[in-house]
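The values are calculated or read from the model by the stated rules, or taken from the named source; none is laboratory data. Small disclaimer: the values here were computed from a predicted structure and weren't measured. In this analysis, Cβ positions are derived from the backbone assuming ideal geometry, glycine residues included, and neighbour counts consider all displayed protein chains. What goes into the accessible areas is simple: the full protein's heavy atoms, side chains included, and nothing from ligands, DNA or RNA. Shrake-Rupley method; radii C 1.70, N 1.55, O 1.52, S 1.80 Å.
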Amino acid sequence: MTYTVQKLAELAGVSKRTLRYYNQIGLLHPAEINASGYRIYTEKEVDLLQQILFFRELDLDLDTIKSIIYSPDFDRKKDLEEHRDSLLDKQEHIRMLLGNVEKSIQAIERKVEMTDSEKFIGFKEEKIAENETNYGAEIREVYGKEAVEASDAKFRGLTEEQYRKMEAVEQRLFEKLKSAMQAGDPTGPEALQIAELHREWLEFTWPAYSKEAHAGLADMYVQDERFKAYYENNIQEGAAQFLRDSIQHYTKL
């Protein structure tokens, strides 16, 4: 079956303008332009548009999507399977949050008792799922499956007080890091405080601390763009490198 721009836009729930823009940037070309000047799309382009919209649901930018779908290594079936797994994870997370909300309502109505730990389980699972999506493969490669699962288990077991304290420690870390960067010395006293705060933050989830593992994680902060972006988006450009240098100095003392 073939579609004009208007028919494909109606089918996919996007605007004609969007399809024209995708054509303009080389993301989705029509199969042909007929004698009347209409852009014609076939089943191949329909499948490709579906894939593009899947990627958009994952918040990927158009340049990234284009590089993926036109890569010689792109495997549509494999990618759909990964997308399915991601959606199933989100479905489970939503199920947990809905259960959490329902139980909270019942607790307010005095129909059930709800522990402090139960109040935060949905939020903790969201953090775990987010970290797994963003960094799971890399962390497992460096630290191993058992270490990652042990860390997740420790995080799940945090009390409300511990969870809030962990967030507060990270916030102090951000503030200290920004201040220390103004001084410009990753080996100075303030930088050592940053490394100490980072260690304190890690120990909320790490089953056991080691300087070697701490230094290895710091290296990942500058080697992996996603880790780097986390600190630079929350603080400022160069934050990941400064934190890495501070931790490296700290772990050699």
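From the list ALA183, ALA215, exactly one residue is modelled with pLDDT of 90 or more and not β-branched (Val, Ile, Thr). Which is it?
Matching residue, one of ALA183, ALA215: ALA215.
Out of LEU197, LEU192, LEU158, which single residue is in contact with a Lys or Arg (Cβ under 9 Å, 6 or more places away or on another chain) and modelled with pLDDT of 85 or more?
LEU197
When the residues of the stretch 206-234 are narrowed to those that are charged (D, E, K, R) and assigned to a helix (DSSP H, G or I), which ends up farthest from GLY144 (Cα to Cα)?
Only one residue tops the list, namely GLU232.
Does the stretch 176-205 hold any residues that are in contact (Cβ under 8 Å) with a residue 24 or more places away in the chain, assigned to a loop (DSSP other than H, G, I, E, B) and either open to solvent by 60 Å² or more (accessible area, probe 1.4 Å) or of a type in the set (S, T, N, Q) (or both), and which are they?
THR187, THR205
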